[in-house]
Amino acid sequence: MTAVLEIKDLHASVEGKEILKGVNLTIRQGEVHALMGPNGSGKSTLGYVIAGHPHYEVTQGDILFNGESILDLAPDERAKLGIFLAFQYPVAIPGVSFANFLRAAVSSVRGYRDRVREEMERTGQWKEVGSELIPMREFRRELLETMDRFNVDRSFARRYLNDGFSGGEKKRGEVLQMAMLKPKIAILDESDSGLDIDALRVVADGINKLVADGMGALLITHYQRILNYVKPDKVSVFYDGRVVLTGGPEVAHMLEEKGYGWVEEHLEELSR
Amino acid sequence: MMTTKTMTATPISVAAVQAISDRYNEPAWLRQARLAAWEVFAATPWPTYKEETWRRTRLTGFKLENYGLPQAPERVYDSREALPADLREELAKIDSAGALILQNGRVVYHELDAHLMEKGVVFTDLRTALEQHQELVKVHLGAQVPATENKFAALHNALWHNGTFLYLPPHVVVEKPLQVLVQQDAGAAHFHHTLLIGEEDSEAVIVEDFRGAREGMSDSVAEVFTRAAARLHYLRLQNLDETAWNFGTQRISTGRDALYRHLQASWGSKLSKVWIDLELEEPGGHGELLGLYFPQDHQHIDHHTNQNHRVPHCTSDLLFKGALDDHARSVYQGLIRVWPGAQKTDAYQKNDNLILSDHARADSIPGLEIEADDVRCTHGATSAKVPEEYIFYLMARGIDRRTAMRMIVQGFFEEVLNRVPVPGVRNKLEAEIAHRVGIE
């Protein structure tokens with residue numbers, strides 16, 4: 001079954017200020033959907049709301065994953081369904097190694113943790129610490145293979161999560177996490193920002209491989225640049241908390257030519 | 001709550017001081033030192049909040065008359081195999097060159113690699129050292145922490161019963177760690193004295209693990225001498241029962257080009273007041289002070305440190321990290337003091353606190369007192385809750401909230417843990433942290 005994420009008339013606010021003002025958008029597995037818009041239009045907020053950030057309040061509308069609302073689910077439950085948010089600014093967590101973090105995440109998303117919990121409840125017996133994790137040997141092999149396949153340096157595994165990472169390393173780290181967690185739908189929030197051309201190629205190449213494996217991607221971006229490397233199936237234009245235009249790749253080219261000023265000038269027409 | 005053991009214990013008084021000297025037929029100098037210390041103790045008023053060091057730590061509920069001196073245990077063990085399983089397992093956690101178990105001040109087990117004895121290493125209890133190396137003990141005992149230091153040091157100097165003694169002859173390197181388990185019975189007052197002497201160019205790692213003292217008190221002193229180019233690493237694990245009162249005074253002096261490393265892990269006790277003074281007395285000395293604490297419930301943990309740079313060209317580096325849960329409180333008070341003429345001093349002091357509960361509170365008072373003009377001194381303190389952004393990031397990867405919190409707290413301590421060189425000690429520390437974040 002092809003997974004579908006549908007956003008329907010979504011309104012969300014933060015501290016009483018409405019940021020999302022009726023978003024309608026559909027993202028399908030295996031598709032690349034670019035979401036383009038000027039800074040401050042609420043694109044990142046959309047990513048956070050889909051992932052379930054507690055800071056934002058959904059006031060109207062719904063988010064459906066395969067037809068079921070996910071609004072009541074905690075962020076970790078959404079991740080377990082197969083939704084992934086690649087952060088624009090990944091958080092650095094000192095003292096937590098990339099490998100340990102990723103092992104915990106993989107174990108959780110693939111159900112190891114829940115299976116152990118269910119078994120403990122059923123039998124009334126405690127399982128030893130570590131049994132809720134994917135076996136070390138299996139995890140290590142998969143991690144090394146994935147790092148090689150996605151051009152991520154093996155030293156990442158031992159380093160603390162995003163701690164002291166350059167901008168490019170952080171974005172590669174997000175791609176590595178995505179490759180290990182194998183989401184059905186990924187929201188990539190400005191994954192191209194702040195990257196030199198080499199890093200951009202690595203990140204774009206990673207996205208393309210995962211899409212080829214069947215992932216659906218919502219590519220949030222301000223610029224057209226990454227779309228030279230990741231070919232979108234659909235392009236939506238985001239403006240002032242809403243999608244104002246959806247079309248094929250030609251929309252991106254038109255935007256590049258005419259700029260976001262054109263969107264503002266033709267807002268009324270587009271909204272019709 | 002009193003236990004039967006306490007009923008038979010000797011009450012604390014000048015008679016008890018005399019009784020200790022009588023019982024062990026102590027030399028006159030020691031008897032006099034004890035009685036003089038008792039006089040200092042009797043003449044010193046109990047601390048009040050008017051003293052800066054006691055401003056944030058109250059002794060409400062502490063009554064010395066509730067505690068007596070403990071009874072010596074009857075059983076001793078002559079091999080590891082003969083030890084009770086819990087002690088045997090505890091010793092096995094650290095791959096050591098020597099081990100000492102004291103219970104209520106009596107040696108119940110002792111071992112030391114034969115080749116170290118041949119090299120002249122003395123690793124034994126303080127009372128045995130007093131019998132066999134009286135001059136060494138006489139010169140060093142009370143030289144760092146005299147009775148006049150504070151009321152608890154005075155009480156300790158009057159009543160110490162036994163302790164840890166380590167003497168490293170010049171140029172001797174002890175490759176594996178030495179370990180001491182200090183077992184303290186319930187309801188009693190315990191006075192453990194640690195005396196460590198590293199002669200020129202010697203090297204060792206020593207671990208002391210303090211346990212027990214349920215409904216009791218522990219009043220310890222540590223005096224450490226690291227001579228020229230000596231390299232000494234002293235790890236103190238305070239795992240006392242969470243009903244114990246704990247007081248400690250520790251002072252370390254470093255010789256020329258000495259390298260000294262210290263860890264204080266304060267897990268247990270109902271209330272702890274611990275002073276740690278690093279005295280850099282000869283040029284080229286380097287000292288590191290690491291601290292860990294994780295109070296829960298109503299525990300109160302107070303550390304007061306000094307990095308005393310008396311001479312030029314010394315470096316010191318302090319890092320104390322604590323997490324606080326429930327209604328716990330911590331106090332960290334620290335001073336970097338650079339004396340006139342102590343040029344090229346490089347000193348660092350940092351205290352970080354992670355607050356896990358709305359009711360927990362960490363007070364941090366770092367300080368600098370600099371009387372030289374060509375120095376580099378840095379200090380800082382932080383106190384923060386776990387950032388929600390950290391939790392969200394981990395949850396967005398499928399990790400549940402509780403696990404996310406645990407990972408962040410364990411990560412917070414990593415900065416100290418990865419500077420602990422003994423794998424067995426690191427495992428013990430990790431297990432204690434894991435236990436406190438709810439992983440059994």
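Conditions tested, residue by residue: (1) closer than 23 Å to residue B:427 by Cα; (2) surrounded by 18 or more Cβ atoms within 10 Å (Cβ to Cβ); (3) not small (Gly, Ala, Ser).
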residue	(1), (2), (3)
B:77	no, no, yes
B:84	yes, no, yes
B:87	yes, yes, yes
B:100	yes, yes, yes
B:116	no, yes, yes
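Select from the range B:245-257 the residues that are more than 24 Å from residue B:152 (Cβ to Cβ) and free of Cβ contacts under 8 Å to residues at least 40 places away in the same chain and list them in ascending order. B:256, B:257 - these are the residues of the range B:245-257 that are more than 24 Å from residue B:152 (Cβ to Cβ) and free of Cβ contacts under 8 Å to residues at least 40 places away in the same chain. In the range A:126-139, the residues that are basic (Lys, Arg) reach residues that are crowded, with 17+ Cβ neighbours inside 10 Å with C-beta atoms within less than 6 angstrom, at least six apart or across chains, in these pairs: A:127/A:116.
Yes/no per residue for (1) in contact with a Leu (Cβ under 8 Å, 6 or more places away or on another chain); (2) farther than 22 Å from residue B:308 by Cα; (3) more than 11 Å from chain A (Cβ to nearest Cβ); (4) in a strand (DSSP E or B):
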residue: B:336; (1), (2), (3), (4): yes, no, yes, yes
residue: B:344; (1), (2), (3), (4): no, no, yes, no
residue: B:348; (1), (2), (3), (4): yes, no, yes, yes
residue: B:358; (1), (2), (3), (4): no, yes, yes, no
residue: B:365; (1), (2), (3), (4): no, no, yes, yes
residue: B:369; (1), (2), (3), (4): yes, no, yes, yes
residue: B:381; (1), (2), (3), (4): no, no, yes, yes
residue: B:392; (1), (2), (3), (4): no, yes, no, no
residue: B:414; (1), (2), (3), (4): no, yes, no, no
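Picking from residues in the range B:416-426 that are within 13 Å of chain A (Cβ to nearest Cβ) and out of contact with any helix residue (DSSP H, G or I) (no Cβ under 7 Å at 6 or more places or on another chain), the one that is farthest from residue B:287 (Cα to Cα) is B:418.
Of the strands (runs of 3 or more DSSP E) entirely within the range A:1-103, those holding at least 2 residues that are more than 30 Å from residue B:403 (Cβ to Cβ) occupy A:4-14, A:17-28, A:32-36, A:57-65. Within the range A:157-205, the only residue that satisfies the criterion of being of a type in the set (A, V, I, L, M), part of a loop (DSSP other than H, G, I, E, B) and under 17 Å from residue A:94 (Cα atoms) is A:161. Among the residues of the range A:179-187, are any farther than 21 Å from residue A:96 by Cβ, touching a Leu at 6+ places or on another chain (Cβ under 6 Å), within 14 Å of chain B (Cβ to nearest Cβ) and buried (at least 21 other Cβ atoms within 10 Å of the Cβ)? The answer is yes; a qualifying residue exists. Within the range B:398-408, one or more residues are facing another protein chain (nearest Cβ under 7 Å), closer than 27 Å to residue A:187 by Cα and among the acidic types (Asp, Glu).
Counting only residues that are among the hydrophobic types (A, V, I, L, M, F, W, C), farther than 21 Å from residue A:88 by Cβ and crowded, with 18+ Cβ neighbours inside 10 Å, the range A:1-49 holds 1 of them. Of everything in the range A:66-79 that is under 25 Å from residue B:390 (Cβ atoms) and out of contact with any helix residue (DSSP H, G or I) (no Cβ under 8 Å at 6 or more places or on another chain), the residue that is surrounded by the fewest Cβ atoms within 10 Å (Cβ to Cβ) is A:72. Candidates A:165, A:150: the one that is surrounded by fewer than 19 Cβ atoms within 10 Å (Cβ to Cβ) and either among the aromatic types (Phe, Trp, Tyr) or away from every other protein chain (no Cβ under 14 Å) (or both) is A:165. Only one of the numbered conditions (1) buried (at least 18 other Cβ atoms within 10 Å of the Cβ); (2) more than 8 Å from chain B (Cβ to nearest Cβ); (3) modelled with pLDDT of 95 or more is violated by residue A:53, and that is (2). For the range B:416-440, a residue qualifies if it is among the charged types (D, E, K, R), over 21 Å from residue B:180 (Cβ atoms) and not in a loop (DSSP other than H, G, I, E, B), and exactly one does: B:436. Of all residues in the range B:265-273, none are surrounded by fewer than 19 Cβ atoms within 10 Å (Cβ to Cβ) and modelled with pLDDT of 95 or more. A single member of B:248, B:198, B:216 is buried (at least 24 other Cβ atoms within 10 Å of the Cβ) and touching a Leu at 6+ places or on another chain (Cβ under 6 Å), and it is B:198.
Beta carbons closer than 7 Å, at least 6 apart along the sequence or on distinct chains, pair a first residue in the range B:18-38 that is of a type in the set (A, V, I, L, M, F, W, C) with a second that is in a loop (DSSP other than H, G, I, E, B) and buried (at least 18 other Cβ atoms within 10 Å of the Cβ) for B:20/B:161; B:33/B:142. Only residues that are farther than 14 Å from residue B:239 by Cα and crowded, with 22+ Cβ neighbours inside 10 Å were counted in the range B:201-213, giving 4.
Condition check ((1) buried (at least 20 other Cβ atoms within 10 Å of the Cβ); (2) touching a residue at least 60 places away in the same chain (Cβ under 8 Å); (3) among the aliphatic types (A, V, I, L, M); (4) not assigned by TED's automatic domain parsing to the domain that holds residue A:184) across all residues:
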{"site": "A:214", "(1), (2), (3), (4)": "no, yes, no, no"}
{"site": "A:229", "(1), (2), (3), (4)": "no, no, no, no"}
{"site": "A:247", "(1), (2), (3), (4)": "no, no, no, no"}
{"site": "A:252", "(1), (2), (3), (4)": "yes, yes, yes, no"}
{"site": "A:258", "(1), (2), (3), (4)": "no, no, no, no"}
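Among the conditions (1) under 15 Å from residue A:25 (Cα atoms); (2) in contact (Cβ under 8 Å) with a residue 60 or more places away in the chain; (3) over 17 Å from the mean Cα position of the chain (by Cα), the only one that residue A:236 does not satisfy is (3).
The rows are residues; the columns are (1) free of Cβ contacts under 8 Å to residues at least 40 places away in the same chain; (2) over 19 Å from the mean Cα position of the chain (by Cα); (3) in the same structural domain as residue B:177 (by TED's automatic domain parsing); (4) crowded, with 20+ Cβ neighbours inside 10 Å.
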position: B:395; (1), (2), (3), (4): yes, yes, no, yes
position: B:398; (1), (2), (3), (4): yes, yes, no, yes
position: B:407; (1), (2), (3), (4): yes, yes, no, yes
position: B:411; (1), (2), (3), (4): yes, yes, no, yes
position: B:414; (1), (2), (3), (4): yes, yes, no, no
position: B:419; (1), (2), (3), (4): no, no, no, no
position: B:426; (1), (2), (3), (4): yes, no, no, no
position: B:430; (1), (2), (3), (4): yes, no, no, no
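Filtering A:131, A:107 for residues that are out of contact with any strand residue (DSSP E or B) (no Cβ under 9 Å at 6 or more places or on another chain), of a type outside the set (A, V, I, L, M, F, W, C) and facing chain B (nearest Cβ under 9 Å) leaves a single hit, A:107.
Residue A:181 meets the stated requirement of being in contact (Cβ under 8 Å) with a residue 60 or more places away in the chain and in the same structural domain as residue A:70 (by TED's automatic domain parsing). The residues on offer are A:63, A:93, A:83, and the sole one that is under 24 Å from residue A:21 (Cβ atoms), buried (at least 21 other Cβ atoms within 10 Å of the Cβ) and either within 14 Å of another protein chain (Cβ to nearest Cβ) or among the acidic types (Asp, Glu) (or both) is A:83.
The values are calculated or read from the model by the stated rules, or taken from the named source; none is laboratory data. Not measured: the values here are computed from a predicted model. Quick reminder, even Gly has a Cβ in these numbers, built from the backbone with ideal geometry, and neighbours come from all protein chains shown.
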